[in-house]
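Worksheet for the structure shown next.
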Amino acid sequence: TIFAAGTLAVPFREVDALFEKKYPGVKVQPQFGGSVKMAKQITELHQDADLLAVADYSVIPKYMFAQPAHAAWYVGFARNAITFVYTDKSKGAKDINGKNWYTVLAQKGVEIGRSNPDTDPSGYQTVQMLNLANTFYNDAKIEDAVLANAPLSNVRDTETSLISALQLGQIDYLAIYRSDALQHHMKFIEMPNKIDLSDPAQSAYYEQGVAHTKNGDLKGKPIVYAITMVTGSKNADMAEKYVAFLLGPEGQAVMKKNGFGEFKPAYAVNSNAMPASLQTLVEPWPGQ
């Protein structure tokens with residue numbers, strides 16, 4: 001049984017099918033939902049699960065490491081990035097690239113959609129990315145200039161609800177995860193990894209990007225999906241094999257195909273607490 005973030009539904013169903021083919025007789029039972037909700041189903045509702053996979057790695061230590069501990073380690077198995085998607089009809093579509101994107105997005109008349117930074121991770125990650133862009137390009141006006149074209153009328157609770165508006169030409173650009181861009185076969189901007197929140201090795205640099213929200217100031221951090229085995233798992237042997245499969249070439253190929261960045265090797269926190277067979281597949285998380 002795997003409790004997993006909703007954004008993992010597409011790739012995990014593919015991984016599950018491959019895993020069941022490799023291990024006949026084993027049935028993978030996934031449940032998808034918000035990462036915090038999935039963690040709380042284990043810690044507060046005491047529902048049985050063998051694995052927990054989340055879209056924000058910090059969910060695991062925050063909820064699963066608390067006493068009584070429900071997990072002892074976690075490993076980052078996929079990366080994501082914040083980007084902007086667009087269509088051939090978007091203003092500036094013919095000229096925009098990974099170097100001039102912020103000047104195109106700031107042009108008069110450009111309409112940008114985004115999610116709410118007070119309620120949605122991609123919303124505050126977009127602001128963090130733009131804040132980092134101020135520093136990276138040595139231009140303090142980038143964040144304000146781009147957000148000026150993304151008024152409240154273009155903000156939704158989730159950015160995916162604006163995909164149809166983009167396709168209809170009601171907006172020109174949409175801030176969204178790279179995985180969604182690839183899954184929906186949309187054009188997107190290749191951002192420098194110094195600002196797109198995709199690289200765990202840039203964790204210290206990302207902290208410079210701050211989003212001011214109703215929940216306080218939020219510092220940037222890498223967008224890393226993580227998985228852990230639940231302490232006392234009833235199917236620990238197969239859960240261990242599933243993690244190894246996910247970290248291996250077949251699992252990583254599925255994640256890559258669905259727009260997620262891969263790890264070679266994966267980064268782990270508290271790797272000494274992992275099963276011995278998994279320890280050889282990981283490196284310590286940078287800074288740990």
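The values are calculated or read from the model by the stated rules, or taken from the named source; none is laboratory data. Not measured: the values here are computed from a predicted model. Glycine gets a Cβ as well: all are built from the backbone with ideal geometry, and neighbour counts include every protein chain shown. SASA here: full protein model, heavy atoms, side chains in, ligands and nucleic acids out. Shrake-Rupley method; radii C 1.70, N 1.55, O 1.52, S 1.80 Å.
Of the residues that sit in the range 253-264 and are free of Cβ contacts under 8 Å to residues at least 40 places away in the same chain and within 20 Å of Phe19 (Cα to Cα), which one is most open to solvent (accessible area, probe 1.4 Å)?
Lys256
Go through (1) under 20 Å from Val85 (Cβ atoms); (2) within 18 Å of the chain's Cα centre (by Cα) and name the single condition Lys187 misses.
Single failed check for Lys187: (2).
Within the range 127-146, how many residues turn out to be open to solvent by 10 Å² or more (accessible area, probe 1.4 Å) and either under 17 Å from Ser90 (Cα atoms) or over 22 Å from the mean Cα position of the chain (by Cα) (or both)?
9
So that you can scan it fast, the table gives a plain yes or no per residue for (1) within 15 Å of Ile195 (Cα to Cα); (2) in contact with a strand residue (DSSP E or B) (Cβ under 6 Å, 6 or more places away or on another chain); (3) not aliphatic (A, V, I, L, M):
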position: Ser122; (1), (2), (3): yes, yes, yes
position: Thr126; (1), (2), (3): yes, yes, yes
position: Met129; (1), (2), (3): yes, yes, no
position: Ala133; (1), (2), (3): yes, no, no
position: Ala140; (1), (2), (3): yes, no, no
position: Glu143; (1), (2), (3): yes, no, yes
position: Asn154; (1), (2), (3): no, yes, yes
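Need the failing condition index for Ile142 against (1) aliphatic (A, V, I, L, M); (2) touching a residue at least 40 places away in the same chain (Cβ under 8 Å); (3) out of contact with any helix residue (DSSP H, G or I) (no Cβ under 6 Å at 6 or more places or on another chain), just the number.
(3)
Tally up the residues in the range 214-239 that are at pLDDT 90 or above, open to solvent by 10 Å² or more (accessible area, probe 1.4 Å) and of a type in the set (S, T, N, Q), please.
3
Just give me the residues in the range 189-210 being modelled with pLDDT of 90 or more, open to solvent by 10 Å² or more (accessible area, probe 1.4 Å) and either in a strand (DSSP E or B) or not polar (S, T, N, Q) (or both), in sequence order.
Glu190, Met191, Pro192, Lys194, Ala204, Tyr205, Glu207, Val210
Could you say whether any residue in the range 181-188 is modelled with pLDDT of 95 or more and either open to solvent by 30 Å² or more (accessible area, probe 1.4 Å) or in contact with a Gly (Cβ under 7 Å, 6 or more places away or on another chain) (or both)?
Looking for residues that are modelled with pLDDT of 95 or more and either open to solvent by 30 Å² or more (accessible area, probe 1.4 Å) or in contact with a Gly (Cβ under 7 Å, 6 or more places away or on another chain) (or both), one finds at least one in the range 181-188, hence yes.
Scan the range 240-249 for residues that are surrounded by 18 or more Cβ atoms within 10 Å (Cβ to Cβ) and either among the aliphatic types (A, V, I, L, M) or at pLDDT below 95 (or both) and jot them down.
Listed by number, the residues that qualify are Val243, Leu246, Leu247.
Test Ser90 against the criterion of being among the polar types (S, T, N, Q) and within 16 Å of the chain's Cα centre (by Cα), and give yes or no.
no
Quick one: would you say Arg156 is more than 17 Å from Ala106 (Cα to Cα), charged (D, E, K, R) and surrounded by fewer than 19 Cβ atoms within 10 Å (Cβ to Cβ)?
Yes: the conditions hold for Arg156.
For the range 159-179, give me the residue count where each residue is in contact with a strand residue (DSSP E or B) (Cβ under 8 Å, 6 or more places away or on another chain) and open to solvent by less than 30 Å² (accessible area, probe 1.4 Å).
Within the range 159-179, residues that are in contact with a strand residue (DSSP E or B) (Cβ under 8 Å, 6 or more places away or on another chain) and open to solvent by less than 30 Å² (accessible area, probe 1.4 Å) number 12.
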